[in-house]
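Structure first, commentary second.
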Amino acid sequence: MNFTLDSYVATLILVVSLTYFAHSVLVSLPRDRHCYDDSLVVLGRLLRHYDFQIAIYTNNLALIDAVVYSTINAHHDYYITIVDTETKTIVSEHGTLKLSSYLVSVTLPGWNGALKPRTLCFRVGVRG
Amino acid sequence: MSYSVIALMISLILIAIAVTVQESFVERFYTWPTEVDKGLLDTITVNVASYLSRVKDLEMAKVFLLKNLKVTERYNRGFRVLNYSIINMTVYSSQNIALVNVTIVYNLLWGCYCSSALLLVKVLNITEFSDPLTGEVFYKAIIICSTDRGKPKFVKGYPTSVTVNYLYNNIWVLTYPTSLKLAIIEDWRGIRVELKTESSG
C-alpha cells in the first residue's frame, strides 16, 4: 500500500466532511427547535410596568408611545391594536402600519378592580 | 482520478445531504414566554387588590380572583395556572395606618411565581391649621406611602377636599378638612386605602 501525499489529503477531506455530516444529523435529531417570539417577550416585559395597563385602559396613546419606546431598541418601531374582547370591536390602533401583519396577541382580564377583557395585538420590528 | 478528487466529490455529496437534513427535519415551535405569564399574573394580582380595596370582602375578592384567572386562561392559549395559594389578602384601616396587601403564589407549568400588590399608608404626624381666606380648619398629616414597587408613582385623594402632595422619598403630605370622617388615598394602579380621621371617633 502506497501512502502518498494525495491519500493523506483525501483522508483529511473525508474526515472533515464526515464530521460535519455527523454533526448536522445529530443536531437535527431532536427534530424541533423551541424559540420565543420577540414581540411576545417585549409585551410580557411591558405588562410588568403598570403604566402600560393604565395607558391601555385609559386609551392614552401618548403614554403607550412613551412606555413602549422606553423598552424597545431605538432603531425599532411597533404596532398595536387594542380590541374590546367581549364586543370584538377595535378600540384603537397605533404605531407603524408596516408592522401590522403577524401580530401576537395577549388578553388582559381587567384593570382598576373591574373585569373588562382587552386584547392587545402587537408587533415590534426594525424601523424603515 | 486521484484520491483527493474522489474524496472531494464524496464530501460534496455528504455536505449536500447534511444541509438538506438540517433544513427539512427541523420544526420550529414558538413557546409562550414566562415574561407574559408574569405580566398577566401581576395584572391579575393588582386587579384583585384594587377590587378588594373597594369591596373590603375577602370572599368576594377570592371569587373575583377566580374569574380573572378563568378569563385570562380562556383568551390566552399559552397561559395556564395549575393551582394557586393565597398567602396574604389583607385590608385594614385605622387612624394611623391603612393597608391593602394581596400576595398570591401561582403554580404554573414552568414553576412557581409569587405576585404581590401592596399599598401601605402610615401617619407620622398630624397638625391643624386654618385657611385664612375661608376660615375652614384643616388637618395636615405627614404620611408614608409605600408599595411593593417602592415609592408610588402618584397618589390622589378622595373626596376632592382631600389633597396629597409629594414631599420626598416615600413621604407625602395629606391635607383634609377636620369635618371629614374618611380620607381615601388611591395609588397609580387604582388600589385604595381608607384612613380614618380624628372626627370619625
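The values are calculated or read from the model by the stated rules, or taken from the named source; none is laboratory data. Note that the structure is a prediction, hence the values are computed from the model and not measured. Please note: Cβ atoms are built from the backbone with ideal geometry, for glycine as well, and neighbour counts cover all protein chains shown.
Things to note:
- Single condition B:ALA117 does not satisfy, out of (1) surrounded by fewer than 21 Cβ atoms within 10 Å (Cβ to Cβ); (2) under 28 Å from A:VAL41 (Cβ atoms); (3) more than 7 Å from chain A (Cβ to nearest Cβ): (1)
- Residue check for A:VAL25: out of contact with any Cys (no Cβ under 7 Å at 6 or more places or on another chain), surrounded by fewer than 19 Cβ atoms within 10 Å (Cβ to Cβ) and of a type in the set (Val, Ile, Thr): yes
- Test: residue in region B:45-53 that is of a type in the set (Ser, Thr, Tyr), within 7 Å of chain A (Cβ to nearest Cβ) and touching a residue at least 12 places away in the same chain (Cβ under 8 Å): yes
- Given (1) surrounded by fewer than 16 Cβ atoms within 10 Å (Cβ to Cβ); (2) within 14 Å of chain A (Cβ to nearest Cβ); (3) not basic (Lys, Arg), index of the condition B:TYR168 fails: (2)
- Number of the condition not met by A:GLY125 [criteria: (1) closer than 21 Å to B:LYS38 by Cβ; (2) surrounded by 15 or more Cβ atoms within 10 Å (Cβ to Cβ)]: (1)
- Residue within region B:123-135 that is within 24 Å of the chain's Cα centre (by Cα), away from chain A (no Cβ under 14 Å) and modelled with pLDDT of 90 or more present: yes
- Selected residue [at pLDDT below 95, buried (at least 17 other Cβ atoms within 10 Å of the Cβ), out of contact with any Cys (no Cβ under 6 Å at 6 or more places or on another chain) and farther than 30 Å from B:ILE126 by Cα] from B:VAL26, B:VAL36: B:VAL36
- Qualifying residue in region B:84-99 (condition: more than 22 Å from B:VAL155 (Cβ to Cβ) and exposed (fewer than 13 other Cβ atoms within 10 Å of the Cβ)): yes
- The condition of being closer than 22 Å to A:LEU115 by Cα and either facing another protein chain (nearest Cβ under 8 Å) or loosely packed, with under 14 Cβ neighbours inside 10 Å (or both) holds for only one of A:SER92, A:SER17, that being A:SER92.
- Single unsatisfied condition, B:PHE64 versus (1) away from chain A (no Cβ under 14 Å); (2) free of Cβ contacts under 8 Å to residues at least 40 places away in the same chain; (3) not acidic (Asp, Glu): (1)
- Subset tally (residues that are at the interface with another protein chain (Cβ under 8 Å from one of its Cβ atoms), over 20 Å from A:VAL104 (Cβ atoms) and aliphatic (A, V, I, L, M)) for region A:30-66: 1
- The single condition among (1) away from chain B (no Cβ under 13 Å); (2) more than 23 Å from B:PRO152 (Cβ to Cβ); (3) surrounded by 14 or more Cβ atoms within 10 Å (Cβ to Cβ); (4) not hydroxyl-bearing (Ser, Thr, Tyr) that A:VAL83 does not satisfy is (1).
- Single residue of A:HIS76, A:HIS49, A:HIS34 found to be within 23 Å of the chain's Cα centre (by Cα), touching a residue at least 40 places away in the same chain (Cβ under 8 Å) and under 30 Å from B:THR45 (Cβ atoms): A:HIS76
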